[in-house]
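Below is one structure, written out as structure tokens; the observations come after it.
The values are calculated or read from the model by the stated rules, or taken from the named source; none is laboratory data. Fair warning: this is a prediction, and the values are worked out from it, not measured in the lab. Neighbour counts are summed over all protein chains in view; Cβ atoms, including those assigned to glycine, are modelled from backbone coordinates with ideal geometry. Note: accessible area is taken over every heavy atom of the protein model, side chains too, but ligands, DNA and RNA are not part of it. Shrake-Rupley method; radii C 1.70, N 1.55, O 1.52, S 1.80 Å.
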Amino acid sequence: MSSVSTLVSVTWLAERLPSPSLSARAIRVLDCSWYLPMMKRDQRGEHKLQHIPGALFFDQEDCCDKSSPYDTMLPTAEQFETYVANLGVDNNTHVVVYDASDMGLFSAQRVWWLFRVFGHPLVSILDGGFAKWQAEGRGVSNEIPKVAKATFKATYTPALVRDFDFMTTNLADKTAQVMDARPPGRFNGTAPEPRPDVDPGHIPNSLNIPFGKILDPDSKTVKTPDKLREMFAASGADLSAPLVATCGSGMTACGLVLAAFLCEKEDVPVFDGAWCEWFKRAKPENIISEAKKE
């Protein structure tokens, strides 16, 4: 299966939506917006009001393991197959994901990762997201298109996912460097977590690479590979060695996976339970927080 660009520009997508013949395969645009409760945004309601023409909503709170006590955990292959098939996605569809974050990217990278986990490399992220789409004056719509159900076959890729047991074992054997995408305050333990039953802090020996560092704040696009390599180097992350990404609930961790992917390191997995699971299950001595020192 031939590959597609990891990032596509607003211009690229705007040219192809009205002219499908410009693309080698059918394109399905998915609005993957998701927000923390503290952001006070309604991703479903916003999508109904306006979205990129032809886009469907990918509900990350629906396509997940609802039996888990942790947020937006990885669905089963069967769940994923059914969900994306209902969105008209088959194994030859070029999926383009975006979100409506003011940052230009906040949650779409999680769905990019999900498609890769389930064996679908034909997935791209709209660079700059809905924010850039609107900034360039592109058209929007409130029409929800009706699509025929497709057939999608998922092939699970376990190497892209890490669980609590791996992360616990990793404390001793140091198989992989752990990168945490949360803001410094939450990582250090000096700022609150967005979930009331979780305190801030971090996994021992992990590196803090805040998600926002992968983005250019002016253009709202992902930084160039050279800039991303500089970011990783400055943080102490070795792109030639095994890495694993984490965050609060597995969302922004996928941004670090994306950044590494753009630097030609395509094998970085996500600790899916992330800090929410670690905080609730790890031994107290394995929860590192500056607040504990006070």
Is it true that P183 is at pLDDT 95 or above and surrounded by fewer than 12 Cβ atoms within 10 Å (Cβ to Cβ)?
no
Can you name the residue in region 71-93 that is of a type in the set (S, T, Y) and part of a helix (DSSP H, G or I) and, of all such residues, is farthest from T252 (Cα to Cα)?
T82
Being surrounded by fewer than 12 Cβ atoms within 10 Å (Cβ to Cβ) and within 16 Å of V123 (Cα to Cα) is the filter here; which residues of region 9-30 pass it?
A24
Number of the exception - E193 against (1) open to solvent by less than 10 Å² (accessible area, probe 1.4 Å); (2) touching a helix residue (DSSP H, G or I) at 6+ places or on another chain (Cβ under 7 Å)
(1)
Looking only at residues in region 42-65 that are of a type in the set (G, A, S) and in a loop (DSSP other than H, G, I, E, B), which one is nearest to C254 (Cα to Cα)?
A55
Kindly indicate which of D218, D173, D226 is modelled with pLDDT under 95 and open to solvent by 20 Å² or more (accessible area, probe 1.4 Å).
D218
Is it true that M167 is in contact with a Phe, Trp or Tyr (Cβ under 7 Å, 6 or more places away or on another chain) and buried (at least 19 other Cβ atoms within 10 Å of the Cβ)?
yes
Count, please, the residues in region 103-116 that happen to be open to solvent by 10 Å² or more (accessible area, probe 1.4 Å) and touching a residue at least 60 places away in the same chain (Cβ under 8 Å).
2
Look through K146, K153 and report the one residue that is in a loop (DSSP other than H, G, I, E, B), free of Cβ contacts under 8 Å to residues at least 12 places away in the same chain and open to solvent by 10 Å² or more (accessible area, probe 1.4 Å).
K146
Got a sec? Which of S68, S124 is among the hydroxyl-bearing types (S, T, Y), open to solvent by less than 50 Å² (accessible area, probe 1.4 Å) and in a loop (DSSP other than H, G, I, E, B)?
S68
I'd like to know if region 31-41 contains one or more residues that are modelled with pLDDT of 95 or more, part of a helix (DSSP H, G or I) and open to solvent by less than 60 Å² (accessible area, probe 1.4 Å).
no
Return only the number of the condition from (1) exposed (fewer than 13 other Cβ atoms within 10 Å of the Cβ); (2) part of a loop (DSSP other than H, G, I, E, B); (3) not aromatic (F, W, Y) that A159 does not satisfy.
(2)
Any residue in region 172-186 that is of a type in the set (D, E) sitting within a Cβ distance under 6 Å of a residue that is in a loop (DSSP other than H, G, I, E, B)? List the pairs, counting only those 6 or more apart or interchain.
D180/S206
